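Working notes for the structure below.
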Amino acid sequence: MGVHKLLWSYNGIIVLLLSGFMCVTQTKINQSMGARSFLEQVPVLPMPATESFLLTVFALALMAVLGWIYRHSDQLKPHWRLVVFFAEVGSCVLLMRSINLAYDGVVLLVVADIMCRYGGRHLEYFLVAAMLGLYFVSNYNLAVFQMKVIPFEAYISYYDPAAQTVLLAARNVFVSVNIALFVIYMVLLVKGKHEEKERIRLLNEKLGEANERLRAYAIEAERMAETRERNRLAREIHDTLGHALTGIVAGLDACILTVEAAPDFTRAQLEKIRDTAQRGMTDVRRSVKKLRPADLEKLPFREALTRMTEEFAASSGMDIHFTVVGWPESLREDQEEVIYRVVQEGITNANRHGRAKTVNLTIGCSEGKLRIIIADDGTGCEDVKQGFGLRHMKERLELLHGSLNFWNDAGFIVEAEIPMNQEEAV
């Protein structure tokens, strides 16, 4: 704090001025042959002028260093901090002794350091005890009987009455200014501490509000995560079971018609249906465990997609033409899974709802986008409504910032687009 530094600088100057004044006066007394009459007025023999001034400088420097250490003693243990404080008190006593207790304003420096640093629960008691102790030591009327010092009045008696008046008035001004600076320092310190407490209170209120918002956000995020997980499981189960069951139903329908006329064909068809059912069960288990479809785990993506369409065609009897006009260089796992599920749902819907005999699946890349077109020759739909399958296809694509379009045109057409330069969905 600037006032604290000013208080220290002011007291340092006053102490050095008083010490210098007494040294100069003592030298003049010696040179004027008035030492005998001076010694008759004082209770003790004065210290040599130079040694007295050097002692003052040493005591002032020591007190300044100890005060600085005490004010910046955050890393010190409590008992070492107490040692530094009492050392500062001792240097304060030594400083006042070096100037013969002519000025006791330095006591306020110690009090200022206490106020600046000490923040315990019993601050007021500690301050009162420290100030009373320092005052007892520094007060001339109480200490003069135990500490034989030369009174300041003995030095100014060397000068004429007018000079004495000026000197006494100057010392009183020094004391008054020091008290004024101390009061200003205390006011600013108390104001600063009050503002700090108010700032901490406001920060605590804001922290409490932030905690409440964070708690509400955590609850909402958990609820949203649960909803997303339910939707994910619903999509996965719908896609896997729906795809598998559609193929099984279509295959069984064919078996019913051929069971008597072509038993060998029916047996082969039933084996394909069994394989489809087993893969559907595997996909359901993996979906519940949040894993990718089995074929995507075992095969390269393009081969997995080809195998899925071929098996569905074999089990359902539907003719699927898979055409690639441009294949992306690399796909992320989340993109592969979305494309796989979109194709799976598209051909399943073509068989289940459109009763299609032929499906043309086209995949290509252009302008930084992957396009999937699924066109069937089924019955189509006059009034297209987004059911469970279409809605899940759209949700999956939106996770990758993609889009879904569908319309009737001599059957039903589904077109999906996925940007290839997007970051992985969270």
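The values are calculated or read from the model by the stated rules, or taken from the named source; none is laboratory data. Quick caveat, the model's predicted, so the values are computed rather than measured. We place every Cβ from the backbone using ideal geometry, glycine too, and count neighbours over all the protein chains shown.
Close Cβ contacts (under 6 Å, 6 or more residues apart or on different chains) running from residues in region 42-62 that are outside any helix (DSSP H, G or I) to residues that are surrounded by fewer than 13 Cβ atoms within 10 Å (Cβ to Cβ) comprise PRO43/LYS148; VAL44/LYS148. Of the numbered conditions (1) within 49 Å of the chain's Cα centre (by Cα); (2) assigned to a helix (DSSP H, G or I), ASP74 fails exactly one; give the number of that condition. Here ASP74 meets the rest and fails (2). Of all residues in region 368-386, those that are touching a helix residue (DSSP H, G or I) at 6+ places or on another chain (Cβ under 8 Å) and at pLDDT 85 or above total 5.
A quick yes/no check of all residues on (1) closer than 25 Å to SER316 by Cα; (2) at pLDDT below 80; (3) outside the structural domain of ARG391 (by TED's automatic domain parsing):
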| position | (1), (2), (3) |
| --- | --- |
| GLU209 | no, no, yes |
| ALA216 | no, no, yes |
| ARG230 | no, yes, no |
| ILE237 | yes, yes, no |
| PHE265 | yes, no, no |
| ALA268 | yes, no, no |
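Modelled with pLDDT under 85, under 21 Å from VAL107 (Cα atoms), surrounded by 14 or more Cβ atoms within 10 Å (Cβ to Cβ) and polar (S, T, N, Q) - does that describe any residue in region 143-152? Within region 143-152, none of the residues are modelled with pLDDT under 85, under 21 Å from VAL107 (Cα atoms), surrounded by 14 or more Cβ atoms within 10 Å (Cβ to Cβ) and polar (S, T, N, Q). Considering region 1-41 alone, what residues qualify as being modelled with pLDDT of 85 or more, surrounded by 13 or more Cβ atoms within 10 Å (Cβ to Cβ) and either within 47 Å of the chain's Cα centre (by Cα) or assigned to a loop (DSSP other than H, G, I, E, B) (or both)? LEU6, LEU7, TRP8, TYR10, ASN11, GLY12 - these are the residues of region 1-41 that are modelled with pLDDT of 85 or more, surrounded by 13 or more Cβ atoms within 10 Å (Cβ to Cβ) and either within 47 Å of the chain's Cα centre (by Cα) or assigned to a loop (DSSP other than H, G, I, E, B) (or both). Of the residues making up region 171-187, those that are surrounded by fewer than 14 Cβ atoms within 10 Å (Cβ to Cβ) and not β-branched (Val, Ile, Thr) are ASN172, SER176, ALA180.
Of all positions in region 84-96, none carries a residue that is in a helix (DSSP H, G or I), touching a His at 6+ places or on another chain (Cβ under 9 Å) and not polar (S, T, N, Q). Here VAL190 qualifies as more than 18 Å from SER9 (Cα to Cα), of a type in the set (A, V, I, L, M, F, W, C) and surrounded by 11 or more Cβ atoms within 10 Å (Cβ to Cβ). Looking across region 300-313, just one residue is surrounded by fewer than 22 Cβ atoms within 10 Å (Cβ to Cβ) and in contact (Cβ under 8 Å) with a residue 60 or more places away in the chain, and that is GLU311.
Flag: ALA375 matches the condition of being among the small types (Gly, Ala, Ser) and in contact (Cβ under 8 Å) with a residue 12 or more places away in the chain. Contact map, region 82-103: first residue under 24 Å from ASN172 (Cα atoms), second residue part of a loop (DSSP other than H, G, I, E, B) and aromatic (Phe, Trp, Tyr), Cβ cut-off under 8 Å, separation 6 or more or different chains; pairs are MET96/TYR103. Being surrounded by 14 or more Cβ atoms within 10 Å (Cβ to Cβ), free of Cβ contacts under 8 Å to residues at least 24 places away in the same chain and out of contact with any Leu (no Cβ under 9 Å at 6 or more places or on another chain) is a description that applies to LEU76. Reported count of residues in region 153-170, each being hydrophobic (A, V, I, L, M, F, W, C), surrounded by 11 or more Cβ atoms within 10 Å (Cβ to Cβ) and either under 15 Å from ALA102 (Cβ atoms) or in the same structural domain as LEU108 (by TED's automatic domain parsing) (or both), is 5. Would you say PHE85 is within 53 Å of the chain's Cα centre (by Cα), over 21 Å from ILE14 (Cβ atoms) and at pLDDT below 65? Spelling it out, it is not the case that PHE85 is within 53 Å of the chain's Cα centre (by Cα), over 21 Å from ILE14 (Cβ atoms) and at pLDDT below 65.
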